[in-house]
Amino acid sequence: MTKDHTTTSTYSRRDALRLMAAGGVACFAAPNLLGKPAFAETANPTGRVVVGLSQEPTVFNPLMAHIEVDDAVHFSLFDALFRMDPKGVLQPNLAAEVPTQKNGGISEDGLKWRVRLRDDVRWHDGKPFTAEDVKFTLELITNPKFRAWRTGGHSLVRDVTVVSPTEITWRMEEAFAPYLSFLAETFMVPKHILEKEADPNAAAFNQAPVGTGAFKWAQRVAGDHLELVANPEYFGDGPYVERLVFKYIPDMTVLYTQFKSGDIDVVDQAYITADHYEEASKLPGRVVTLEPGASLESIYLNLEKPQFKDPAVRKALYAAMDRNAIIDAIYFGVGTLTETFMPKESYYYNPNLPAQEFNLDLARKILDEAGWVPGSDGIRAKDGVRLSFANATTAGNNLREQVQQFLQQTFAEIGVEMTISNLPAAVMWGEFWLKSQFDSAIAGVTYLIAADPDATNRLHTGAIAAKGGKGSNTGQYSNPEVDALLEKGARTFDPEERRAIYNRVQEIVREDLPFLPLFAYTNVLGRKEGLEGFEPNANTRTASWHATTWRWQS
């Protein structure tokens, strides 16, 4: 069984130079994202790939609020101005190049942007893609009547101007370096179709989308599957398969069984569960790999609850967590120890944070010295506050429920009472989570957007929705120094300067412990042997991010 609990960075000096050389021609000569090679001009897409998903995609306008499985479809139907490659480096997609301060695409003060576009892109209905579509897309997102998925960054855009069919400019209200990464997750939609709609939220397009991507919409059988077909006019590399089928199987065990039987060619979200990894890795005719994910599994604490306001409590709880035992015994060795929200594959990962030590005696000592005294029932209390709290997660997630039971027993040994109160997914991740109504929770959270290190949405005081802010800081973490650093990082474009800023953010967050890291996600990816062109990418939310290059070995 493979076990990798290390936290060393995989970034090399060469990767750093690639990142800093953004704007250089060599950096963006990515044949699988940029152009169609000569041999592809006459290639006929053949065969089909069946992708297994644990939830049903239902939102097909990529600009509307959606969940991760919808992305699996969006990445094949649509294109963005840029895409984030597996190394975390932006590559041009619909744009001819990635704008930088070095190549003049972004002004020195970060406020004026110019994007040059490809001239060979067509929508699935044959109409040309132009700068008018980009302008329409950016303005639709900030239309108050449109139910946009994400307005952050976009809301700073002003004076969008179409210079020519292949050039567009705009002004930013304030410098915002993460916007390049935001645009890598902003798929362009067709002006000529959606501008005619009185209500874009109810447009027919939303159920039969037209994109520029490598695959075109074919049909959807609600509750079962949907099909896409090859777009032979695609401007990039591929597609090489004729048909892409997304099949929905909500039971994770059945999903794995269908992969094992060969009914599914690729397992996408939520992948193969850790308890099936050992068997899956030995299946004949299957390629099963452990791939780092971008999410952090942690005990999320609501810092407005009196039990967690004392830093000593958070430190004691962390010292009482036997994370190695959790990964080995419950997750079958699938998971990576980490001390930070930053993925270890990131250029901005800080490898020098103090390592947690499982030590119950230390945990008791921390609480003793902080004045938390055991009562007659063995539960500690201080100033009238009992060290008792509820923990919640999705009901029926058996691995998380085992973690809860394990921690419940361990915390009791240091005089802490943790009750378990799980909820159906729709309730758990609704207002209960979004409006910080929980005491504590087990959650897998991705702090970054398309690999940009900015974590404002999760860690800034202004992102606390329960206090009227805009964002996903559901733990209600607030630290003025972190706020100031996040604001500075968002205005800084130089990678080395940003690296220093976010390294410091990680140091402070590790000291404050607003959440207690369990492990960095490791996804168990599975595909049928003979499927070539498959490339994992921890910087996207789907294994199907680049199905355009998939092909069956001939």
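Observations on the model:
- Helix 398-412 axis versus longest C-alpha principal axis of the chain: approximately 30°, rounded to the nearest ten.
- With θ taken as phi - 60° and the Karplus curve 6.51 cos²θ - 1.76 cosθ + 1.60 applied, the whole-hertz 3J(HN,Hα) list for region 363-369 is 4, 5, 4, 4, 6, 4, 5 Hz, x standing for glycine and proline.
- Simple rule: put +1 on each Lys or Arg Cβ and -1 on each Asp or Glu Cβ in the chain, find the dipole, and look at Met84, Leu301, Leu525; the Cα lying farthest toward the positive end is Met84.
- Contour excess over end-to-end distance, with Cα ends at Asp377 and Gln405 and 0.36 nm allotted per residue: 8.1 nm
- Distance between region 185-246 and region 394-430 - C-alpha centres, whole angstrom: 40 Å
- Using the Karplus relation 6.51 cos²θ - 1.76 cosθ + 1.60 with θ = phi - 60°, the per-residue 3J(HN,Hα) values for region 429-445 come to 9, x, 5, 3, 8, 5, 9, 6, 8, 8, 7, 8, 8, 9, 9, x, 10 Hz, with x marking Gly and Pro.
- From the largest down, the chain spans 77, 56, 49 angstrom on the principal axes of its Cα atoms.
- Note that region 327-342 has calculated 3J(HN,Hα) couplings of 5, 6, 7, 9, 9, 6, x, 9, x, 10, 5, 8, 10, 8, 7, 7 Hz, one per residue in order, obtained from phi through the Karplus relation 6.51 cos²θ - 1.76 cosθ + 1.60 (θ = phi - 60°); glycine and proline are x.
- Burial order of peptide ranges 172-181, 245-254, 218-227, 449-458 (average beta-carbon count within 10 Å, highest first): 449-458, 172-181, 245-254, 218-227
- Relative protection proxy for 68-77, 462-471, 138-147, from highest mean packing down: 68-77, 462-471, 138-147 (other beta-carbon atoms within 10 angstrom).
- Dipole of region 294-521, positive end: most advanced residue of Gly468, Thr410, Leu353 [Cβ charges, Cα centre]: Gly468
- The distance between label points at Ile67 and Asn359 comes to 4.2 nm (points 7 Å beyond Cα on the Cα→Cβ vector).
- Part-to-part distance (alpha-carbon centres) for region 102-157 and region 494-554, which is given in Å: 25 Å
- Estimated dipole of the chain in Debye, rounded to 20 [Cβ of Lys and Arg +1, of Asp and Glu -1, Cα centre]: 480 debye
- Near Leu94: Cβ cut-off under 12 Å, other residues only, Lys/Arg at +1 and Asp/Glu at -1. The net charge is -1.
Taken together, the values in this text are just the output of simple stated rules run on the coordinates, not laboratory data. Since this is a predicted model, take the numbers as computed values, not measurements. Cβ atoms come from the backbone with ideal geometry, glycine included; neighbour counts cover every protein chain shown.
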